[in-house]
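Here the structure is laid out as structure tokens; the discussion comes afterwards.
The values are calculated or read from the model by the stated rules, or taken from the named source; none is laboratory data. Here the structure is a predicted model, which means the values were calculated and not measured. For neighbour counting, all protein chains shown are included, and Cβ atoms are generated from backbone atoms with ideal geometry for every residue, glycine included. We work out accessible area using only protein heavy atoms, side chains counted, and drop any ligands, DNA or RNA first. Shrake-Rupley method; radii C 1.70, N 1.55, O 1.52, S 1.80 Å.
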Amino acid sequence: MLLGYPARTPYLPMHTRCARALPAAAALALLAALAPAPHAQVPGRPSSWACLQTTAASTVFQRGKMAAIVDPSGWHVFSSATRRWSSFPLPTQPLTSIWITNDIVLFDAAPLYVAHASHAATAAGFAPLLLGAGAAMVNPASNRNDSVLVLRDGATLHTFSGFDGLWRSRAFPPTARVVVQRDVVLVADGNQLWAMSESDPQWIPHTAQGPVSAIYADGTIGIAEDATHVHGFSAVLGTWTSAPRLPNSANPTVSRNAAVWTNPSEALAYGATSGAFARVTTGGGVLVTPSDQFVVLEGVANQWWLFSGVTGRWTTITLSGLPTLVTDTTVAALVVGSTIHAWSATRDSFATLTGVTANVALAAATGYAQDARGGPFWLYSGLTGTWQRAPANTGAALPGLTRNGALLIDPTAGLAWAFDARTARFVSEPLGTNGRALYSDPNTSTIAAEDDGKVTFFDARRGVWVRVPKNGTFQQTALWRTTFVGALGAHVVAHGVLQGEPERLTMPSGAPTGLIAASETLLAQTGAEICAFSGTPELLSPAQFPEFRRMAAAAGATLDLRFFGSLPAAGRPASGALVLGRPLAQGVPTPFGELLIDTAGAIPLGPLSLGAAGRADLRIPIPNLPGLGGAELGAQGIVLEASGATWLTRLASFRVP
């Protein structure tokens, strides 16, 4: 079985035979056969660490997947996708500013603009563009999470996507209005609309019923209004949808993936993940709050309405009194007295728990509530839509919530417990007596525990703890979003939850003077070098939920996937293949690395040429089958370099909403 449907169900048009169960050795042989370049069974996988010599005059910038350095020798950029530093010689034009977002570094030396994407399209990585003296950036200076940059030069818009790595140019009427935010660009002129997403940077046109009066963008959502209709663009699906305008409604409230219009008796909402509008009669009430993937309305007579942008549906609940409302990303909690009603936008369902105190907290897809009788806390999974009681002797301290789980400790038994939101199960890890430390944060997905003999990281995709031996306790640590780094003298350990494999590094010049964590990169620096760590796997998609914000497309749509391997050698590109299937809790050792995909029912895909940039682009259809929502899709590739080295990639994982 794969993803909850029969293994013999045709899944990808790119494969020509039905999947069947294969032993690990046969699967590896099949992968090698799909990419028939000469190879040897030599471990050759590139490290996730890459170091660059620096000088005292270096200026360092970092955000998301990107890091940049400016020094007297030139401009230098590290991408977590490519796992390498790229350098650009100093031009004759002076550098005016550096624009760095999660997926793009732009060097502004007007009229020369030099961009570098996380998903670099060339081996060099840099994409220069020469414009006129009047060119200007459309993105507001405060938009530091945008995945598409837009420059306007006269009547021409020049766009650069961090998931594409190429400049694209198109002329628009001089009267056209442009708005850009995060993953979406919208252009409106008269009744004509155009939209672009970061994952598929092509202009997608749409015709409104009349002149467009307003446009909005945020996250993966684009909204346009005319006199009679509203129009929603989904960057997840790459589609436009329209609906009749709600009479007597004010301007919409737009969050990262959902929008809502209200009037005294009705509400209309749009969700970018579902690409759907839904209208409901509320009989009155007011908007309470929007969140990433949903909106909440307070109706009349203690009736509350919740719209899920994931399912595209409204849900209602009638309460016994006025609740305290807590929300975060994909989950909401309505607390009335000692009863809590937890709701999940991904499940579009309530889970009610009684006998709790007001001590309630949420984080992305998880939450906790304190039992009024004392003892262990209750943990909530928005991915399963259930409450679970924590193990015994863990109630003395608050659970350490993360975006995709929680961390608890039983100090008596010396156990760290990870709450896995994917399964709503608890997984234990023994800790030594000395040097205990726990690492978690509601803004991150890292769950880690340390004693003086090891540091262990919980891989929620596989439901296991991964250990790294060490001697002593970390003297420096940093974590943010999906990454963690700790240093003990010159020895550094880094981990990224999106790729799951911690890696050690001994700094060439001694103990680092600073550690910096960004959402998908880490930096460890001394006065002589700066070492960057990639927290992402070689198989990359915009979809990172539940470890990070953006969700994959739902069943019936497509998954955009980029395969980063090795650059060509001696003029010959590397080749590769991959398998899709269930992630394994316990990997299978092979000469190429550890196989982390269950080969029973796995689907091979290839052969693939990794081209001049060491990259292959894929669009994978997601079957529109009942029960597929919530399924976990693992992916792992094999790279065959022209030099003969052969290696398995790190595990990638994608969750169908």
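Values for this structure:
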| item | result |
| --- | --- |
| Compactness index (Cα Rg / 2.2 N^0.38 Å), segment 67-210 | 1.06 |
| Cα-Cα P(r), segment 239-308, percent of pairs per 5 Å interval | 4, 19, 31, 26, 15, 4, 1, 0 |
| Pairwise FRET efficiency - residue 175 versus residue 504, Cβ, R0 = 51 Å, nearest 0.05 | 0.30 |
| Solvent-accessible surface (1.4 angstrom probe) belonging to residue 239, in square angstrom, nearest 10 | 50 |
| Mean-position separation - Cα centroids, segment 456-530 and segment 50-91, in angstrom | 19 |
| Accessible surface, the chain, averaged per residue in Å² (probe 1.4 Å) | 34 |
| Residue-level accessible surface for residue 336, protein heavy atoms, 1.4 Å, Å² | 30 |
| Segment 534-612 versus segment 613-636: alpha-carbon centroid distance in Å | 10 |
| Two-site FRET efficiency, residue 279 against residue 320, from Cβ-Cβ distance with R₀ of 22 Å, rounded to 0.05 | 0.20 |
| Accessible-area order (highest first, 1.4 angstrom probe) of the listed residues 200, 164 | 200, 164 |
| Accessible surface of residue 341 - all protein chains present, 1.4 Å probe, nearest 10 Å² | 30 |
| Kirkwood Rh and Cα Rg combined as Rg over Rh, evaluated for segment 323-466 | 0.97 |
| Exposure ranking of 249, 169, 118 by accessible area [1.4 Å probe, largest first] | 169, 249, 118 |
| Relative contact order computed over segment 441-560 (Cα-Cα under 8 Å; 6+ residues apart), in percent | 18 |
| Spatial separation of Cα centroids for segment 216-277 and segment 363-413, in angstrom | 36 |
| Global form of segment 530-657, assessed from the alpha-carbon gyration tensor, a/c cut-off 1.5 | prolate |
| Which of 61, 592 is most accessible, then next, and so on - probe 1.4 Å | 61, 592 |
| Volume of the Cα convex hull of the chain, divided per residue and given in Å³ | 149 |
| Length-normalised contact order of the chain in % [C-alpha pairs under 8 Å, at least 6 apart] | 12 |
| Of the trypsin sites (Lys or Arg not before Pro) in segment 311-381, those whose Cβ has at most 16 other Cβ within 10 Å and which sit in DSSP loop | 373 |
| Potential extension, residue 286-residue 354 segment - 0.36 nm per residue separation minus Cα distance | 21.8 nm |
| Over segment 394-515: Kirkwood hydrodynamic radius from C-alpha pairwise inverse distances, Å | 14.4 |
| Segment 513-579 - percent of accessible surface contributed by carbon and sulfur, probe 1.4 Å | 56 |
| Per-bin percent of Cα-Cα distances, segment 306-392 [10 Å] | 19, 53, 25, 3 |
| Stokes-Einstein D in µm²/s, Kirkwood radius over Cα pairs - segment 370-451 at 10 °C with 1.306 mPa s viscosity | 125 |
| Amide H contacts under 5 Å for residue 75, placed H, 5+ residues apart | 88, 90 |
